[in-house]
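The structure appears below as structure tokens.
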């Protein structure tokens with residue numbers, strides 16, 4: 001669609017000055033996914049409203065011209081969550097909606113606009129000794145609250161209490177605790193759970209403009225432990241055993257070799273910054289300083305075993321945290337070896353980072369994940385490892401490497417194979433990385449052969465995880481939704497879509513719902 005000067009002037013009058021742009025570089029940069037798709041294309045116009053009235057005006061304006069509307073938050077998607085496809089597309093950049101509208105420490109509730117990042121929210125809550133009960137993603141310095149709600153997160157979204165939404169016709173709807181007149185209510189569902197309908201919809205049912213979240217006190221103490229394992233299958237089995245006890249510890253599994261590689265590649269300043277933060281994760285300042293010094297002398301992830309399981313217990317007192325950690329550690333098998341808890345301490349000090357979107361030497365990165373019940377995670381991990389063993393010769397020939405990451409939530413464990421390959425960086429990388437990191441890897445050449453193999457490997461891993469019975473979050477246009485649903489569920493989903501967005505202008509292609 002060719003936009004005339006009059007079109008641009010009209011939408012600019014409806015929004016704040018400078019909130020509409022057809023500048024080529026901006027359109028290309030904001031339309032990018034972290035992964036690279038063969039048929040990707042930029043949006044035709046970028047609309048950047050600064051309040052909910054602006055969102056309503058932007059949606060009405062674009063829908064009235066038959067344009068598809070692609071809602072965008074922090075842009076950290078790697079599953080083609082908002083990328084334009086066929087037809088004319090207006091990219092709706094929601095990062096201008098960043099206000100904290102309502103904060104009640106007494107009620108343990110916050111209403112935050114959808115374009116605020118998780119780091120923004122943490123800064124607003126920290127003076128009150130509070131944090132969101134829903135933990136944000138590791139990319140939370142860039143990722144937005146609304147983006148997480150739209151894409152869903154493996155930890156679940158039960159702490160989302162209500163939503164403010166703009167529908168495809170520009171109308172405004174509130175759900176859950178926000179649907180009650182006056183101050184926000186106490187329940188997400190008093191009757192049908194309408195809030196849940198819009199969680200994980202990838203922006204295909206409505207545009208999120210504000211979110212009500214449950215809050216909790218910031219833990220006063222944290223205790224950490226790490227253990228080495230000989231292989232990822234035994235690590236996954238140990239995670240399932242710990243999670244079955246419902247201790248409340250945070251669990252993460254990583255390859256120790258990748259931890260060592262990343263530590264070696266990190267600058268001295270990055271390493272010092274990580275260690276400096278560890279004092280806040282210990283039960284006392286003195287203990288934290290001593291622990292950080294000992295870890296620095298021992299080295300990051302030092303163990304004779306290639307895989308590490310990292311545990312963090314947080315509580316209101318150090319005694320309670322130690323007790324919780326001890327209960328979890330009791331489930332760890334005797335063949336695991338204790339190792340310095342560098343990684344969980346570092347995660348406590350810097351919970352948000354986008355450095356991991358590149359490998360240690362600037363390699364491009366692409367993950368794929370599966371969420372499995374506790375009893376099936378070991379078998380799925382075994383299938384993934386068998387695949388990598390068979391694919392190793394081809395991968396090594398093109399310079400590809402891989403790692404796995406594990407995390408646990410409720411009655412499931414997530415396994416996330418990650419592919420790394422040498423390739424040039426894209427604007428989506430350089431625009432969010434620290435300047436010195438972006439400069440260090442700026443001159444890497446394009447590598448289409450390695451990228452094509454990474455795409456093939458990633459697709460095959462997805463097939464394996466689906467065969468093992470995995471479910472996924474952050475579906476976008478990559479993970480299947482329609483193909484896995486039974487016919488009655490598909491009919492119901494289509495009926496809801498037809499009522500809310502009959503012309504399919506909201507993020508067409510997401511969840512497999514194309515324009516008709």
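The values are calculated or read from the model by the stated rules, or taken from the named source; none is laboratory data. No experiment lies behind these values; they were computed from the predicted model shown. A quick note on method: Cβ atoms are made from the backbone with ideal geometry, for glycine too, and the neighbour counts reach across all protein chains shown.
Couple of notes before you dig in:
- Criterion (over 23 Å from residue 226 (Cβ atoms) and either out of contact with any strand residue (DSSP E or B) (no Cβ under 9 Å at 6 or more places or on another chain) or modelled with pLDDT under 90 (or both)) met by exactly one of 354, 368: 354
- Residue satisfying condition, being modelled with pLDDT of 95 or more, within 19 Å of residue 69 (Cβ to Cβ), within 23 Å of the chain's Cα centre (by Cα) and part of a loop (DSSP other than H, G, I, E, B), within set 203, 147: 203
- Selection of the range 30-61 for residues being within 23 Å of residue 419 (Cα to Cα) and surrounded by fewer than 18 Cβ atoms within 10 Å (Cβ to Cβ) yields 37, 38, 39, 40.
- Close pairs (7 angstrom Cβ cut-off, 6 or more residues apart or separate chains): in a helix (DSSP H, G or I) in the range 443-459, loosely packed, with under 13 Cβ neighbours inside 10 Å and modelled with pLDDT of 95 or more anywhere: 453/394
- Residue list for the range 123-140, restricted to those being over 11 Å from the mean Cα position of the chain (by Cα) and touching a residue at least 12 places away in the same chain (Cβ under 8 Å): 124, 125, 126, 128, 129, 130, 131, 132, 133, 134
- Remark: pairs (first residue in the range 485-510, in the same structural domain as residue 69 (by TED's automatic domain parsing); second residue part of a helix (DSSP H, G or I); Cβ separation under 6 Å; 6+ apart in sequence or on different chains) = 505/63.
- Of all the numbered requirements in (1) surrounded by fewer than 22 Cβ atoms within 10 Å (Cβ to Cβ); (2) in contact (Cβ under 8 Å) with a residue 60 or more places away in the chain, residue 99 misses one, and that requirement is (2).
- For the range 166-186, the criterion of being within 21 Å of the chain's Cα centre (by Cα) and assigned to a strand (DSSP E or B) is met by no residue.
- Residue 452 fulfils the conditions (1) within 23 Å of the chain's Cα centre (by Cα); (2) closer than 24 Å to residue 399 by Cα except for a single criterion, (1).
- Residues that are touching a strand residue (DSSP E or B) at 6+ places or on another chain (Cβ under 9 Å) and in a helix (DSSP H, G or I), drawn from the range 106-131: 118, 120, 121, 122, 124, 125, 128
- Any hit, the range 136-144, residues being under 25 Å from residue 84 (Cβ atoms) and outside any loop (DSSP other than H, G, I, E, B): yes
- Flag if residue 379 is within 16 Å of residue 233 (Cβ to Cβ), more than 15 Å from the chain's Cα centre (by Cα) and not assigned by TED's automatic domain parsing to the domain that holds residue 135: yes
- The helices (runs of 4 or more DSSP H) located wholly in the range 317-423 that include 1 or more residues which are surrounded by fewer than 16 Cβ atoms within 10 Å (Cβ to Cβ) occupy 318-329, 377-397.
Each row is one residue, and each column tells you yes or no for (1) crowded, with 22+ Cβ neighbours inside 10 Å; (2) more than 30 Å from residue 317 (Cβ to Cβ).
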| residue | (1), (2) |
| --- | --- |
| 155 | no, no |
| 180 | no, yes |
| 184 | no, yes |
| 191 | no, yes |
| 224 | yes, no |
| 227 | yes, no |
